Every structure is written in C-alpha cells, then in structure tokens.
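Presented below is the structure to which this report refers.
What follows is calculated from the coordinates using simple rules that are stated; it is not laboratory data. On a predicted model such as this, the values are computed, not experimentally measured, just so you know. Neighbour counts are summed over all protein chains in view; Cβ atoms, including those assigned to glycine, are modelled from backbone coordinates with ideal geometry.
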Amino acid sequence: MKVTVKIDRRPEIADPEGTTVKRALHDLGFTETTSVRMDRVIHMDVDGENPERVRERVEDMCRQLLANPVLEDYVVEVER
C-alpha cells in the first residue's frame, strides 16, 4: 500500500529553516510572503492487506523513529 506521512513542526516551535527561506524570498523581491514553514513529507510502500493495520504500523514507525513527538505532529494517509 502507498503511505504518505506528513510531518509538521508544531506552531509554537521555531522554524529556522523557514525563517531563512522567508528572508531569501524577501531579498529576491517576494515581499508578499508573510510566513514560511519547512515541513516534511515521507512517501513509502508498505506491505499489508488491511489499511487500518498498515496505518497502525506506520504510526508506530512515526512514534519510534520518523517524527519527534515533542516538536512535531504527523498525519498518516494510506491508499490501496
């Protein structure tokens, strides 16, 4: 199954990479940019027949390795 994990830094956590990109955009003349957040997307193929079981396994992966639960939130999307 195709799985997409969207990992977002929590809003209260500073995003130095996003701040740097915003400054660079302003330097290039794109001053209408008011904020930039640099988040992550992970695409993976996971073996399994049951979409809910695949989601549970990927959520375990997120808690143990893929996302930092103190700093980040994540959403798991499973497609057949």
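Which angle from 0 to 90°, rounded to the nearest 10, does the C-alpha axis of helix 51-61 make with the longest principal axis of the chain?
It is inclined by approximately 60 degrees.
Return the single residue from Asp15, Asp47, Asp39 with maximal mean-square fluctuation; model: Gaussian network over the chain, springs between Cα atoms under 10 Å.
With Cα springs under 10 Å in the chain, the top fluctuation among Asp15, Asp47, Asp39 is at Asp47.
Run lengths n ≥ 4 of DSSP H only: what is the helix-derived mean residue ellipticity at 222 nm for the chain, with -39500 (n - 2.57) per run over all residues, to the nearest 500?
After summing the helix terms and dividing by residue count, I get -9000 deg cm²/dmol.
If you take every residue apart from Val46 with its C-beta less than 13 Å away from the C-beta of Val46, what net charge results, scoring Lys and Arg +1 and Asp and Glu -1?
Overall, the nearby charge balance is -4.
List the residues whose amide H sits under 5 Å from the amide H of Met38, counting only those 5 or more places along or on another chain, with H placed 1.01 Å from N in the peptide plane.
Amide H neighbours of Met38: Gly18.
Quick one: net charge of Arg9's neighbours, Cβ under 13 Å, K/R +1, D/E -1?
-3
Cα-Cα pairs above 14 Å in the chain: how many percent?
Result for the distance tail: 66 percent.
Net charge within 12 Å of Lys22 by Cβ-Cβ distance, Lys/Arg positive one each and Asp/Glu negative one each, not counting Lys22 itself?
For residues surrounding Lys22, the net value is -2.
So what is the relative contact order for the chain, in percent, with contacts set as C-alpha pairs under 8 Å and at least six apart?
51 percent
Of Ala14, Ala67, Ala24, which is the most mobile in a GNM of the chain whose springs link Cα atoms less than 10 angstrom apart?
Ala24
Going by alpha carbons, how many degrees (0 to 90, nearest 10) lie between the helix axis of 16-27 and the longest principal axis of the chain?
For helix 16-27, the angle is close to 40 degrees.
Tabulate in residue order the Karplus-calculated ³J(HN,Hα) for the stretch 37-46, using 6.51 cos²θ - 1.76 cosθ + 1.60 with θ = phi - 60°, rounded to whole Hz; enter x for Gly and Pro.
Karplus-based 3J(HN,Hα) across the stretch 37-46 equals 10, 9, 10, 10, 10, 10, 10, 8, 9, 10 Hz.
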